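The values are calculated or read from the model by the stated rules, or taken from the named source; none is laboratory data. What you are looking at is a predicted structure, and each value in this text was computed from that prediction instead of being measured. Glycine gets a Cβ as well: all are built from the backbone with ideal geometry, and neighbour counts include every protein chain shown.
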């Protein structure tokens, strides 16, 4: 921001002139520029003020205006500006009692020029930068060149003349206030900085404005006493860890009792934790052990519920009577919780242990055989999620773990398939059939043989009530026998 000043020929500060007939207050800027923040900041580095100043003869005439800040274009006089409506100074004195005795010339990179003719005291009382320049050399003109947007610069100077800064900033809006804030900081207009920060802290920001504020706080070292409230909205104040909050969110979701609200919160938390989310800053922030602790809790609840379902007369009649939800809904809720947490673990690449955990549920497998089809098929919804993830290559685990889960849950899946088709609850049945076949084909050929033979016998009796694994069966048969015969 190259700055120069024009001294008066007598080498003294200009005296006040009596009020004169003033032409209309006007402004002609040509192209609206954008302030060159870096240029301003670079040239605002502490230098002896004398190096920033250059003396020249004062203009042969001085144009006055009704306000203390008057933009004047020497080339063209256009429509009256909005500043002409300002009638009082901050101390309440009439503007017509003040005489503009200092001219600030703003020049943009595009060649546009704006001249502000204003009261000397206003500029120097509010800006330490300008006060230092004017005090060194009694001058009547200051020139600021190389601006990409002197609109914000003009606004900052205009703010000096406002009696109610907050009301003025409310009219300007957040985006404009952010630009003005940086100019105020660069010219050391402390009252303007305080007013801008106070206004910005009190209003909502969009994401673009928030990012601009973050960048500005990196570049500008604001006084902590005036900026702490804005900083509190930008950065957490304290040792709170996202992993701890995440576990609290997951617990709240799994303990929820309203189905619609729980589904919405599941979607919200999943979107925040997703590896592709714009909010995900640290993928390792999710505590794996804590999530699995919640999974164990849900599994224990399922065991209790199935024990209750297998006992026609519950031992604790009071507990059964006070249950907030029917047994079927409680089972469905825990299954939904486990499926949702499994999706979170899959997205975070932490789901391998879940395969072992689900394959090891011998008690649930045993109770599945005795339970009513109305509730037992819920367990196969969890199995379906596992098989779909493995069949689509989203869940990777050792071959032994894959075979263990087939040993435990393949037959229950065949039994429950007709219920899954009727009560899909969002489950894609075709995807399940395809993924089940693909998962089966990841086992050894000998392991595949026993499972495909079991499926073949079951399908021959149940037909559409059983998943159709014909395509996968053909692949297994070709790999096991056709190539071998051909080689022989």
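I need a count of the residues in segment 377-408 that are over 41 Å from the mean Cα position of the chain (by Cα) and surrounded by 15 or more Cβ atoms within 10 Å (Cβ to Cβ).
Summing the residues that are over 41 Å from the mean Cα position of the chain (by Cα) and surrounded by 15 or more Cβ atoms within 10 Å (Cβ to Cβ) in segment 377-408 gives 4.
If I ask for residues that are surrounded by fewer than 18 Cβ atoms within 10 Å (Cβ to Cβ) and modelled with pLDDT under 90, which ones from segment 150-167 would you list? Steps first, answer last, please.
Step one: filter segment 150-167 for residues surrounded by fewer than 18 Cβ atoms within 10 Å (Cβ to Cβ), giving 163-164, 166-167.
Result: 163, single match.
Quickly run through segment 215-249 and pick out the residues that are over 30 Å from residue 266 (Cα atoms), part of a helix (DSSP H, G or I) and touching a residue at least 12 places away in the same chain (Cβ under 8 Å).
Passing the criteria: 216, 217, 219, 226, 227, 229, 230, 231.
What do you reckon, is residue 284 at pLDDT below 80, surrounded by fewer than 16 Cβ atoms within 10 Å (Cβ to Cβ), assigned by TED's automatic domain parsing to the domain that holds residue 345 and not in a loop (DSSP other than H, G, I, E, B)? If you could, list the steps in order and put the result at the bottom.
Working: at pLDDT below 80: yes; surrounded by fewer than 16 Cβ atoms within 10 Å (Cβ to Cβ): yes; assigned by TED's automatic domain parsing to the domain that holds residue 345: yes; not in a loop (DSSP other than H, G, I, E, B): yes.
Considered against the rule, which asks whether it is at pLDDT below 80, surrounded by fewer than 16 Cβ atoms within 10 Å (Cβ to Cβ), assigned by TED's automatic domain parsing to the domain that holds residue 345 and not in a loop (DSSP other than H, G, I, E, B), residue 284 comes out as yes.
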